[in-house]
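Rule-based calculations on the coordinates, nothing more; no lab input. Just so it is clear, the structure is predicted and the values come from calculations on it, not from any experiment. Every residue, glycine among them, receives a Cβ derived from its backbone with ideal geometry; neighbour counts consider all protein chains shown.
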Amino acid sequence: MSSKLFSSIGLTFFLLIFLSCSGSENHTNKQLTYWSSNHQDEIVFAREAVKKWNSISPGQQVHTQPVPEGQSSEEVILAAIVGKTTPDIYSNMWPGDVETYAQAKALIALDTLPGFLPYLYERCDSSVIEDIRSSDGHIYQIPWKINPIMMISNKNHMQKIGFESPPGTYSEFLEAGRRIQTDTDGDGYVDRWVGYSDVKVTWWQRFFDFYSLYIAASQGGALVKNNQVAFDNDFAVQTFAFLHKLYEKKYFAQERLDARQDAFLSELISSRFTGPWEIARAEKFKPEGFEYEFTHLPVPDNHIGPIFSYGDPKNIVIFGTCTNPEGAWNFVKFMLTKENDLRFLEISNQLPWRKNLFEDPFFQEYFKNNPKMIPFGRQAKYVKGTDNCPVLKEVFDIISQEYEACVIYGRKEPERAIRDAANAVRLLLM
């Protein structure tokens, strides 16, 4: 047994013991337990929302805490499910895990609760609701927050090479790469790149390159739909081909840049595919005179219609161990009022996943006071989460392996790499 596997098993065993001890009283009294993520802003919001709720709901109190520490929150949740020590409510659920937990009967089917569906249709677009509907027809998650992936660009760099606005198509982006590529030291090495994406094969890294670009190219296309491969198409091939050319031409750095100081703010790269969390870091550490802007991701030259992106969503679930699902649902509804959504936005600069967010007058003052968030507010209407598939992580892992072979090292043609990935996923889904 490898030390890595032993370590993982050991951590899970420890978590099971810890959660069994610490959570044994969660479901023996009337108090509901709510776990937030362990992000500081979300802890602040959770505590504030719970304090307000408890002040007006003496008959149904809520206790909040951040999800316990572990290698990942997903691993902690899995251990809690196995140990039957889950909280009543959890607000940091990656939608890609929901189908697995739903099939394991670990979640409450929320559409069985009184008033849930009318509420959901009031909050969300019908397309979002269909995307979160599980294979058995039920809905086990409540859309909560998104962080749309967009392109941040160095305005000075782009203008210097002749782009008054950031490149928006594949050919424009490649041309920007050609113009930016320089040998500033005269030593034969490239010292600047148009962009960078982490070259690690880790499955979730594909959220910030292939998957977001694929969604943009395909107007929100799926990887897996109705338990069938849906990415064996020209959009996926074009995306692989575009990314491969960036590495082949050395417009993207193949070396690891994340060990250095911030590559974008130190002007080693001129763009990055990222989310709204970039704003706080840029405002804190940008050098004097540094200007940046956010725009949509590059799309194929013949793209027509709205440009979607990955929304990087996290949703709310109620676990099957909850002895008072209706009480938990009442608290969640309170947490998702417009007033609390606005407060969450103000505290965290993460967008509530609700329809017409940017157009709603209730949120206009926030965007007026936070102009850098305006592009994300506009993008919020055109985001996609993940597909309902119980082996979605394995799907991303297969794609990531082909990504490494084709995009980074050029050992496969894009058509073959996508075909091989699709065939491997078909075997996985059998």
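Which net charge results for the neighbourhood of A405, defined as the other residues with beta-carbon distances under 11 angstrom from its beta-carbon, given Lys and Arg at +1 and Asp and Glu at -1? That works out to -1. Using C-alpha pairs below 8 Å separated by at least 6 residues, the relative contact order for segment 201-244 is 33 percent. Stretching R281 away from E326 to a fully extended chain increases their span by 12.2 nm, per 0.36 nm per residue minus the current alpha-carbon distance. Candidate cross-link partners of K51 among the lysines, defined by an alpha-carbon separation under 23 Å and a same-chain spacing of 8 or more, comprise K30, K145, K314, K333, K338. Modelled this way, with points 7 Å down the Cα-to-C-beta line, the labels at D136 and R256 are 4.2 nm from one another.
For the chain, what is the mean residue ellipticity at 222 nm derived from helices alone (per DSSP H run of n ≥ 4: -39500 (n - 2.57); sum divided by total residues; nearest 500 deg cm²/dmol)? About -12500 deg cm²/dmol.
Take every Cα pair under 8 Å whose residues are at least 6 apart in sequence, average their separation, divide by the length of segment 204-357, and the relative contact order is 28 percent. Computed over every Cα-Cα pair of segment 237-334 and binned at 5 Å starting from 0, the pair-distance distribution P(r) comes out as 2, 8, 13, 14, 14, 13, 9, 7, 8, 7, 3, 0 percent. Using the alpha-carbon centroid of each, what span in Å lies between segment 351-418 and segment 199-227? Using only Cα atoms, the two centres lie 8 Å from each other.
With a ≥ b ≥ c taken as the square roots of the eigenvalues of the C-alpha gyration tensor of segment 33-78, please select rounded if a/c is under 1.5 and otherwise prolate if a/b is larger than b/c or oblate if it is not? Oblate shape, in that a/c is at least 1.5 and b/c is the bigger or equal ratio. Structural descriptor for the chain: relative contact order 25 percent, calculated from alpha carbon pairs under 8 angstrom and at least 6 residues apart.
Evaluated with a Cβ-only charge set (Lys, Arg +1; Asp, Glu -1), the chain carries a dipole of roughly 440 debye about its Cα centre, given to the nearest 20. Scaling against 2.2 N^0.38 Å puts the C-alpha radius of gyration of segment 367-430 at 1.63. With neighbour counts taken as other beta-carbon atoms within 10 Å, the residues R281, R419 rank, fewest first, as R281, R419. With the gyration tensor restricted to C-alpha atoms of segment 247-294, the semi-axes of the equivalent ellipsoid amount to 20, 12, 11 Å, longest first.
Projection of the Cα convex hull of the chain, averaged over all directions and equal to a quarter of that hull's surface, yields 22.4 nm². Note on the chain: antiparallel DSSP beta bridges, both residues inside, total approximately 65 percent of the bridges counted. Taking each residue as 0.36 nm, the span from E415 to T202 lengthens on full extension beyond its C-alpha to C-alpha distance by 74.5 nm. The alpha carbons of segment 296-430 occupy a box of 52, 45, 24 Å along the principal axes, longest dimension given first.
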